[in-house]
Amino acid sequence: MASVFLTGGSGFLGGHVAEALVAAGHRVTASVRRTSDTRRLDRLELRKTELDLGAEGGPEAAAALAGCAAVVHCGALTRARDESEFMAVNAAGTRSLARAAADAGVRRFVFISSLAARGPDGADGPVSPYGRSKAEAEAALASIRGSMEVAVLRPGGVYGPRDSDLLPLFRLAARGWTAIPRSHAPLQPVYVADVVSAALAALEAAPAPHPLPIAAAERHSWREVARALMAAVDRPGRVLRLPPALFLAAGAMSELAGRLTGKAPAFDRRRARDLAAYAWTCDIESSRRVLDPWRPRFGIEDGLARTAEWYRRKGWL
């Protein structure tokens, strides 16, 4: 088994990756920030090291990467006060980490990017600061020279246990209401375990010359998602189909509140457009070939049911 350096291990996706790496027998070093909540990592047999992706990598990064054969880079900002914060962590931080990894002799660098780096269906590129920061990170990785192999994974919308972003939708559904956008745009969200298995497969698969989209096998309408959500909470209810303008207004108000408090908003206009205006689908056949035997195993009904059950066990729902 390999010695793996993991970023973002205290986050939603990274925490699941950390558990899977340890369970697979890898020797894991997880980077954390000074303010990270490490309680879940503390229960795992791994080593923690402090590293700030928003700062220029130096001796700290080189020392942390010494002896590591692979990097799984999950660490990223998904919400920020402005584009410069996204760029500092997601783009510059990735570039710095990759250079340090190449200098340390790391063999494989698995980068968890996002479908946002491609942009929504039909777009010529990313349409949000977050997406542009991920695209910049991918470009930085492509420019790294040396013997390090790079695998770029682009998950779509990731959901599952520990995800707090979708929790309000579950709580609303549990009260007998499901609010969805009045949109015909299809969705292809992916359950967190399927992203985790793709990341582990990318540690060993032959490197691909292009980013690999990671999503569920099937595409869904918002009505199908609403039905699956109500089934997950075992509660029939009314479906409210809201116009996109309401989502955008809510995002704008949340951004204003964030500016007043100095905190990055949990919901903003980017997320509102992602939900209400854009379609996010992809063809995963190339990913299945490269990452073979990886296959997405969880459909929307099973994934949402498992998520709701976790929420209930933890008292979130």
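The values are calculated or read from the model by the stated rules, or taken from the named source; none is laboratory data. Because the structure is a prediction, the values reported are computed rather than measured. Please note: Cβ atoms are built from the backbone with ideal geometry, for glycine as well, and neighbour counts cover all protein chains shown. Only protein heavy atoms, including side chains, enter the accessible area calculation; ligands, DNA and RNA are left aside. Shrake-Rupley method; radii C 1.70, N 1.55, O 1.52, S 1.80 Å.
Heavy-atom accessible area for residue 159, with the other protein chains in place and a 1.4 Å probe, reaches approximately 10 Å².
Heavy-atom accessible surface of segment 5-54, averaged per residue, reaches 51 Å², computed with a 1.4 Å probe.
If R0 equals 22 Å, the separation of the Cβ atoms of residue 179 and residue 121 corresponds to a calculated FRET efficiency of about 0.45.
Protein-only accessible surface at a 1.4 angstrom probe places the residues 230, 87 in the order 87, 230, largest first. Computed from phi, the 3J(HN,Hα) profile of segment 152-164 under the Karplus parametrisation 6.51, -1.76, 1.60 (θ = phi - 60°) reads 10, 10, 10, x, x, x, 9, 9, x, x, 5, 6, 8 Hz, with x in place of Gly and Pro. Stretched out straight at 0.36 nm per residue, the stretch from residue 285 to residue 241 would grow longer than its current Cα-Cα span by 12.6 nm. Measure nothing but the geometry: give the 0 to 90° angle between the long axis through the Cα atoms of 129-143 and the longest principal axis through the Cα atoms of the chain, rounded to 10°. In the chain, helix 129-143 runs at an angle near 30 degrees to the longest axis.
Backbone geometry of segment 188-204 corresponds, through the Karplus equation with coefficients 6.51, -1.76 and 1.60 at θ = phi - 60°, to 3J(HN,Hα) couplings of 9, x, 10, 6, 4, 5, 6, 6, 4, 5, 5, 5, 5, 5, 5, 5, 10 Hz, x marking Gly and Pro.
Leaving out ligands and nucleic acids, note down the accessible area per residue over segment 148-205 with a 1.4 angstrom probe, in whole Å². Before the final figure, lay out the partial values.
Values: 2010 Å² over 58 residues.
Accessible surface, normalised per residue, equals 35 Å².
Annotation for residue 313 and residue 295: the two label points, set 7 Å from Cα along the Cα-Cβ direction, are 2.6 nm apart. For segment 94-192, what class follows from the C-alpha gyration tensor (a ≥ b ≥ c being the square roots of its eigenvalues): rounded when a/c is under 1.5, otherwise prolate if a/b is larger than b/c, else oblate? Verdict is prolate for segment 94-192. Amide H contacts under 5 Å for residue 109: 71, 149, 150, 151, restricted to partners 5 or more places along the chain or on a different chain, H placed in the peptide plane at 1.01 Å from N.
Restriction of the GluC sites (Glu not before Pro) in segment 114-220 to DSSP coil positions whose beta-carbon has at most 14 other beta-carbons within 10 angstrom yields 204, 218. The charge dipole of the chain, taken about the Cα centre with unit charges on the Cβ atoms of Lys, Arg (+1) and Asp, Glu (-1), comes to about 860 debye, rounded to the nearest 20.
As a length-normalised measure over Cα pairs under 8 Å and 6 or more apart, the relative contact order of the chain settles at 17 percent.
In percent, rounded to a whole number, the relative contact order of segment 1-146 is 22, using alpha-carbon pairs under 8 Å and six or more apart. Peptides 26-34, 297-305 ranked from most to least packed by the mean count of surrounding Cβ atoms within 10 Å: 26-34, 297-305. Annotation: amide H-H contacts under 5 Å for residue 6 (H modelled 1.01 Å from N, sequence separation of 5 or more, or interchain): 29, 30, 31, 72.
How large, in percent, is the carbon and sulfur part of the accessible surface of the chain at a probe radius of 1.4 Å? Please report the intermediate quantities before stating the final value.
Details: 7720 of 14890 Å².
That fraction is 52 percent.
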